[in-house]
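Accompanying notes for the structure given below.
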Amino acid sequence: MIKTPHKTRKIAPEIHWVGVKDWNRRMFDRLIPLPNGTSYNSYLVQGNEKIALIDGVNPGFEDKLEEKVQQLIDPKEIDYFIMNHAEPDHASAISHMLSISNNGKILTTEKGKGLAQSLYHISEDKIRAVEDRETLKLGGKTLKFIHAPWLHWPETMLTYCEEEEILFPCDFFGSHLATGKFFDEELGDELINLAKSYYGEIMMPFSKMVGRALDKIKQLDISTIAPSHGPIYKDPEKIMNSYRKWSEGRVEKKALIIYISMWGSTEKLVETISETIASEGIEVTPLNLATTDLGKLAEELVDSAGIIIGTPTVLGGAHPKIHHVAYLAKKLNPPAKFLGIVESHGWSGGAVSQLSEMLGGMDAEVVGAIDVLGSPREELDEVVSLGKNFSEKIRNM
Ligand code: FEO
């Protein structure tokens, strides 16, 4: 059998990327689309005295990780497995690597310790909980652990290499992309859009915790950010500033319209309101859920000032695809300031009241809701008025 040579990559003296690229994965958590695949970045840090592996890879790639580490050292010699996050795409392969090590130990937070036991059945004596800001000397390389909960589970922490000024933040600052390119400078603005979509999907529900983590790492000199998904940042300022803006809910003067249409009536409402908003000089993005994926939706939710939902009534409520997305959009906690709903129905309505109830509690002003019987005609005047009001609100926010 021909063995594929899996490549490692040096990112700093005695620090190597030993992760894997999952070129063919198309869905994460059975929810998030991955049109560009993803990567699981694992890093081997070789000190003069001790060796640490930071994060692991997804189930199914354990052998590749082992083979890559083998190219650099004997995997049995790893002393510390740094588990920044317990989700299986990073942590499940750690249990494999631990099983072949001589005396390795997992280092994680107290909550991570519990998850390592419950998810991977690792015995307690093989895990040590580290304190916030605790340092670990490997000999010429010092790792500092920074507790940063809810990025993206409650146990998460960040690891910082003091000598090389590299931050290993696991999911934080990640992006879902499998590519031959390794660093941000090779990708340009395309990477920020991918990072924004990822932020919307994974980090936006925890924006307050994102802000706290950004405050916490402000004191560090960071020259490189090496996340556990996607490319490595040699220019950390750009992504850190973007995260600051997104986490503070600094929205752009733009409207997002999420809609679906069955027989064209809702489409007419959406066309009318989109053209009105555009003619008022406000940027507008209509996303037809029949053709748009959740990644694009999440990206737009991150910084849209207003959201309008367009739906037909189906079985007494919103179209099920709209129902699903409205539920998700609320859970993602977008910073939108204004909401609107347009509905078309054939014989009985229900979508407006259902969506109003569902979206209640969002910290956004409902600018208007319009329910139209059948194919809209004179009602389009009302839709134009709503579009003008909506634009005015955004313009003056
Ligand atoms: Fe990449 Fe939350 O795991």
How far apart, in nm, are the 7 Å Cα→Cβ label points at ALA290 and HIS324? 1.6 nm
Please give the helix 88-100 orientation as an angle from the longest Cα principal axis of the chain, in degrees from 0 to 90, rounded to the nearest 10. 20 degrees
Suppose we look only past 24 Å in the calculated P(r) of the range 174-265. What percent of the Cα-Cα pairs does that tail hold? 29 percent
Roughly how compact is the range 193-336, stated as its Cα Rg over 2.2 N^0.38 Å to two decimals? 1.20
Roughly speaking, what is the stretch gain from GLU382 to ASP189, that is 0.36 nm per residue apart minus the C-alpha to C-alpha distance, in nm to one decimal? 65.6 nm
Give the average over all directions of the projected area of the C-alpha convex hull of the range 241-302, one decimal, in nm². 4.7 nm²
Accessible area of the chain divided out per residue, in Å², using a probe of 1.4 angstrom: 43 Å²
Counting only protein heavy atoms and leaving out ligands, DNA and RNA, the solvent-accessible surface of THR291 at a 1.4 Å probe, in Å² to the nearest 10, equals 120 Å²
When the Cα centres of the range 117-152 and the range 226-259 are compared, how far apart do they sit, in Å? 27 Å
Please enumerate, by chain and number, the lysines with C-alpha under 26 Å from the C-alpha of LYS254, excluding those fewer than 8 residues away in the same chain. LYS196, LYS208, LYS238, LYS245, LYS268, LYS296, LYS321, LYS330, LYS331, LYS337, LYS388, LYS393
Over all alpha-carbon pairs in the range 255-395, figure out the percentage whose distance exceeds 28 Å. 7 percent
Under 19 Å from the Cα of LYS234 - aspartates and glutamates, other chains or at least 8 residues apart: GLU14, GLU162, GLU163, GLU164, GLU165, ASP171, ASP184, GLU185, GLU186, ASP189, GLU190, ASP221
In degrees, nearest 10, range 0 to 90: what is the angle between the Cα axis of helix 189-198 and the longest Cα principal axis of the chain? 80 degrees
FRET efficiency for ASP363 and GLN70, Cβ-Cβ distance as r, R0 = 41 Å, nearest 0.05? 0.20
Percent relative contact order of the chain, based on C-alpha pairs within less than 8 angstrom and at least six residues apart? 12 percent
A student asked for the Cα radius of gyration and Dmax of the chain in angstrom ought to give 24.0, 78
HN-Hα couplings for the range 139-156 via Karplus (6.51, -1.76, 1.60; θ = phi - 60°), in whole Hz with x for Gly/Pro, come out as x, x, 9, 10, 9, 10, 9, 10, 5, 8, x, 6, 10, 10, 10, x, 9, 5
Accessible-area value, TYR199, 1.4 Å probe, nucleic acids and ligands omitted, Å²: 0 Å²
According to the square roots a ≥ b ≥ c of the eigenvalues of the Cα gyration tensor, what is the shape class of the range 317-397, taking rounded for a/c under 1.5, prolate for a/b larger than b/c otherwise, and oblate for the remainder? oblate
Find the centroid of the Cα atoms in the range 357-397 and in the range 276-323, then give the distance between the two in whole Å. 13 Å
In whole percent, and with a 1.4 Å probe on the protein chains, what portion of the accessible area of the chain is carbon and sulfur? 49 percent
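The values are calculated or read from the model by the stated rules, or taken from the named source; none is laboratory data. Not measured: the values here are computed from a predicted model. FYI the Cβ positions are ideal-geometry reconstructions off the backbone, even for glycines, and counts take in every protein chain you see. Surface areas here come from the heavy atoms of the whole protein model, side chains and all, with no ligands, DNA or RNA. Shrake-Rupley method; radii C 1.70, N 1.55, O 1.52, S 1.80 Å.
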